[in-house]
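A.B. asks: This is the structure I want to talk about, given as structure tokens.
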Amino acid sequence: MVWPHRNLLTLEELTSDEINLILDTAAAFEDVSTRSVKKVPALRGRVVVNLFFEDSTRTRTSFTLAAQRLSADVIDFTAKASSLSKGESLRDTVRNIEAMGIDVIVCRHSSSGANHLIAKNTKCCVINAGDGRHEHPTQGLLDIYTIRKAKGRIDGLKVAIVGDVGNSRVARSNLHGLLKLGAEVTFVGPTTMVPGAFAKMGARVVHDFDSVIGEFDVINMLRIQMERLGSNVFPSLGEYTRLFGLTNERMKRARQDVLVMHPGPINRGVEMAGDVADGGRSVILEQVTNGLAVRMAVMFLCTQALGAG
Amino acid sequence: MSVLLDENGIAAALERIAGEISASIPATASVAVIGIRSRGDTLAARLIERLAAHGVSQVEFGTLDITLYRDDLAEIGPAAVVRTTEIPFDVAGKYLILVDDVIYSGRSIRAALDAIKDLGRPRAIRLAVLVDRGGRELPIQPDFVGVKTPGDDRHVTVLLRESGGVDRVEMDG
């Protein structure tokens with residue numbers, strides 16, 4: 001199939017074939033990182049700007065490295081040091097950036113839908129690096145890629161996404177991608193974080209982790225976003241860990257071949273025990289490695305849709 | 001459409017190429033055959049079997065995808081399909097036989113040489129092709145050739161049984 005999109009804004013809008021094309025292309029990019037020259041010339045002459053309105057060292061670094069491995073030039077645009085602080089609108093900022101001859105805008109923003117607004121106002125490729133509570137499509141893709149690589153398939157797998165689903169763009173992107181490829185998704189967390197209404201999105205909703213933990217092929221633990229949460233979503237971190245943390249004790253009741261995932265950064269001892277994060281069933285560092293190949297694939301496919309010039 | 005090579009013609013061409021390669025390999029060389037996707041890799045695998053019959057064994061095998069190195073990548077647009085490169089050995093110091101089905105402009109081979117260069121520094125690279133169409137746009141020439149076309153710019157199609165068809169090389173007109 002031919003990749004039709006100039007932008008990657010959500011996984012919700014992609015077909016299963018399109019998701020599989022990204023995953024297959026990522027597999028071809030994986031070996032670039034293991035060679036003596038860790039570069040291919042595919043994006044030579046292209047310019048990528050990281051437009052980050054929220055702090056994120058690891059996602060920005062991953063996008064930067066992915067672009068550099070495709071031989072693109074990369075510019076970092078930090079919102080705090082920009083004219084946005086002088087009152088310039090997002091639309092004007094984007095148009096000014098575009099006027100400098102940029103090809104790809106990688107944007108992270110605290111507002112859901114900010115990337116859609118940017119995409120409407122530019123001819124550049126726009127890649128969503130996380131927008132508010134909406135989506136984080138490349139994280140979803142790298143999670144799905146990691147699962148496919150470890151399990152050999154997605155279809156029919158039982159996947160748990162545990163924690164603050166309500167605030168999580170990672171959970172939404174995972175859900176859309178996994179459902180399209182045939183997995184069964186269960187959201188697990190307290191009612192304050194996983195309202196029952198989330199069942200309408202196509203996932204099962206469970207509030208008692210212990211009653212279902214033995215079912216899953218994959219357990220993806222979300223980070224407790226201390227900075228986003230109010231004080232009233234759960235009584236204490238200790239209670240959260242007791243009920244929903246992936247402790248050593250709880251892992252004994254999980255399947256022997258369960259895959260443990262986390263988008264990072266981990267609050268060790270809160271959503272996951274340190275031993276579990278470092279244990280044999282954890283693929284957390286593989287997720288980081290695979291993120292590079294997936295982001296290379298996304299940038300390559302989207303810029304190919306730009307065509308010549 | 002005319003048939004440039006039939007099944008026997010392809011077999012004979014590969015046999016002759018294998019003979020020429022085996023005669024040219026330096027005595028101390030560590031040999032690897034790398035086929036350019038797609039079809040070059042199929043021919044490379046066949047060539048390795050024939051090299052063994054000529055007493056050249058312990059030959060490494062790799063496949064190379066050159067999509068990311070093409071100089072017309074921007075023009076191909078979304079139709080570009082990236083496949084995996086599988087070279088499970090160190091190319092440094094190797095005597096490499098690069099294999100493709102057809103050579104025309106020479107740009108695919110230029111891309112392949114760039115791709116190999118990024119993997120390491122081989123001792124030497126030799127080029128084997130089943131069909132030489134002529135029409136070169138770059139100063140690149142094959143060392144081993146199965147058959148040459150009349151050089152009048154007619155398109156050539158290589159069909160191979162491994163792709164579910166028959167062994168045949170067809171030429172337009």
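A.B. asks: When you scan segment A:41-52, do you find a residue that is within 20 Å of A:Ala171 (Cα to Cα) and either more than 14 Å from every other protein chain (Cβ to nearest Cβ) or at pLDDT 95 or above (or both), even just one?
C.D. replies: Within segment A:41-52 (the criterion being within 20 Å of A:Ala171 (Cα to Cα) and either more than 14 Å from every other protein chain (Cβ to nearest Cβ) or at pLDDT 95 or above (or both)), the answer is no, since none of the residues qualifies.
A.B. asks: OK, next. Just to be sure I understand, how many residues within segment B:64-106 are within 7 Å of chain A (Cβ to nearest Cβ), of a type outside the set (A, V, I, L, M, F, W, C) and over 17 Å from the mean Cα position of the chain (by Cα)?
C.D. replies: Summing the residues that are within 7 Å of chain A (Cβ to nearest Cβ), of a type outside the set (A, V, I, L, M, F, W, C) and over 17 Å from the mean Cα position of the chain (by Cα) in segment B:64-106 gives 3.
A.B. asks: Of the residues that sit in segment B:140-159 and are in contact (Cβ under 8 Å) with a residue 60 or more places away in the chain and assigned to a loop (DSSP other than H, G, I, E, B), which one is surrounded by the most Cβ atoms within 10 Å (Cβ to Cβ)?
C.D. replies: B:Thr149
A.B. asks: Take the residues of segment B:27-63 that are farther than 21 Å from B:Leu113 by Cβ and in contact with a Leu (Cβ under 7 Å, 6 or more places away or on another chain): which is nearest to the other protein chains (Cβ to nearest Cβ)?
C.D. replies: Top of the filtered list is B:Arg46.
A.B. asks: Can you tell me which residue in segment A:1-18 is surrounded by the fewest Cβ atoms within 10 Å (Cβ to Cβ), limited to those that are within 17 Å of A:Ala305 (Cα to Cα) and more than 14 Å from every other protein chain (Cβ to nearest Cβ)? Give the derivation first.
C.D. replies: Let us first name the residues in segment A:1-18 that are within 17 Å of A:Ala305 (Cα to Cα), namely A:1-10, A:13-15, A:17-18.
With more than 14 Å from every other protein chain (Cβ to nearest Cβ) added as a condition, the list becomes A:9-10, A:13-15.
Working: A:Leu9: 21, A:Thr10: 21, A:Glu13: 13, A:Leu14: 22, A:Thr15: 11.
So the residue we want is A:Thr15.
A.B. asks: I'd like to verify a number: residues in segment B:110-126 that are within 13 Å of the chain's Cα centre (by Cα) and not in a strand (DSSP E or B), how many?
C.D. replies: 4
A.B. asks: Related question: Could you pull out the residue among B:Glu137, B:Glu162 that is surrounded by fewer than 16 Cβ atoms within 10 Å (Cβ to Cβ), of a type in the set (Asp, Glu) and within 18 Å of B:Leu43 (Cα to Cα)?
C.D. replies: Details: B:Glu137 fails: within 18 Å of B:Leu43 (Cα to Cα).
Answer to the check: B:Glu162.
A.B. asks: Conditions: (1) out of contact with any Asp or Glu (no Cβ under 8 Å at 6 or more places or on another chain); (2) without any contact (Cβ under 8 Å) to a residue 12 or more places away in the chain. A:Arg6 meets all but one. Number of the miss?
C.D. replies: Just one mismatch for A:Arg6, condition (2).
A.B. asks: If you don't mind, another one. Does A:Leu11 fit the bill of being in contact with a Gly (Cβ under 7 Å, 6 or more places away or on another chain) and of a type outside the set (S, T, N, Q)?
C.D. replies: Values: in contact with a Gly (Cβ under 7 Å, 6 or more places away or on another chain): yes; of a type outside the set (S, T, N, Q): yes.
Answer is yes for this residue.
A.B. asks: List the strands (runs of 3 or more DSSP E) inside segment A:126-229, counting only whole elements, that have at least 1 residues being surrounded by 24 or more Cβ atoms within 10 Å (Cβ to Cβ) and in contact with an Asp or Glu (Cβ under 9 Å, 6 or more places away or on another chain).
C.D. replies: In segment A:126-229, A:158-162, A:184-188, A:218-221 are the strands (runs of 3 or more DSSP E) which contain 1 or more residues that are surrounded by 24 or more Cβ atoms within 10 Å (Cβ to Cβ) and in contact with an Asp or Glu (Cβ under 9 Å, 6 or more places away or on another chain).
A.B. asks: Out of the residues in segment B:110-134 meeting the condition of being crowded, with 23+ Cβ neighbours inside 10 Å and either out of contact with any helix residue (DSSP H, G or I) (no Cβ under 9 Å at 6 or more places or on another chain) or closer than 25 Å to B:Ala12 by Cα (or both), tell me which one is nearest to the other protein chains (Cβ to nearest Cβ).
C.D. replies: Checking each candidate, the answer is B:Ile116.
A.B. asks: When you look at B:Ser163, is it touching a strand residue (DSSP E or B) at 6+ places or on another chain (Cβ under 7 Å) and away from every other protein chain (no Cβ under 14 Å), yes or no?
C.D. replies: On the way: touching a strand residue (DSSP E or B) at 6+ places or on another chain (Cβ under 7 Å): no; away from every other protein chain (no Cβ under 14 Å): yes.
Taking the combined requirement at face value, the residue does not satisfy it.
A.B. asks: Give the number of residues within segment A:22-37 that are more than 9 Å from every other protein chain (Cβ to nearest Cβ) and touching a residue at least 24 places away in the same chain (Cβ under 8 Å).
C.D. replies: Taking segment A:22-37 first, the residues more than 9 Å from every other protein chain (Cβ to nearest Cβ) are A:22-23, A:26, A:33-34.
Keeping just the survivors that are touching a residue at least 24 places away in the same chain (Cβ under 8 Å) gives A:22-23, A:26, A:33.
Residues flagged as more than 9 Å from every other protein chain (Cβ to nearest Cβ) and touching a residue at least 24 places away in the same chain (Cβ under 8 Å) within segment A:22-37 amount to 4.
A.B. asks: Could you run through segment A:126-161 and say how many residues are among the β-branched types (Val, Ile, Thr), over 21 Å from A:Thr303 (Cβ atoms) and touching a helix residue (DSSP H, G or I) at 6+ places or on another chain (Cβ under 6 Å)?
C.D. replies: 5
A.B. asks: Additional query: Given the conditions (1) closer than 30 Å to A:Ala305 by Cβ; (2) free of Cβ contacts under 8 Å to residues at least 40 places away in the same chain; (3) not hydroxyl-bearing (Ser, Thr, Tyr), report the number of the one that A:Gly196 does not fulfil.
C.D. replies: (1)
A.B. asks: Only one of these conditions is not met by A:Ser82: (1) buried (at least 16 other Cβ atoms within 10 Å of the Cβ); (2) modelled with pLDDT under 95; (3) away from chain B (no Cβ under 14 Å). Which number is it?
C.D. replies: (1)
The values are calculated or read from the model by the stated rules, or taken from the named source; none is laboratory data. These numbers were taken from a predicted model, which means no experiment stands behind them. As a convention, Cβ positions derive from the backbone with ideal geometry for all residues, glycine included, and neighbour counts pool all protein chains shown.
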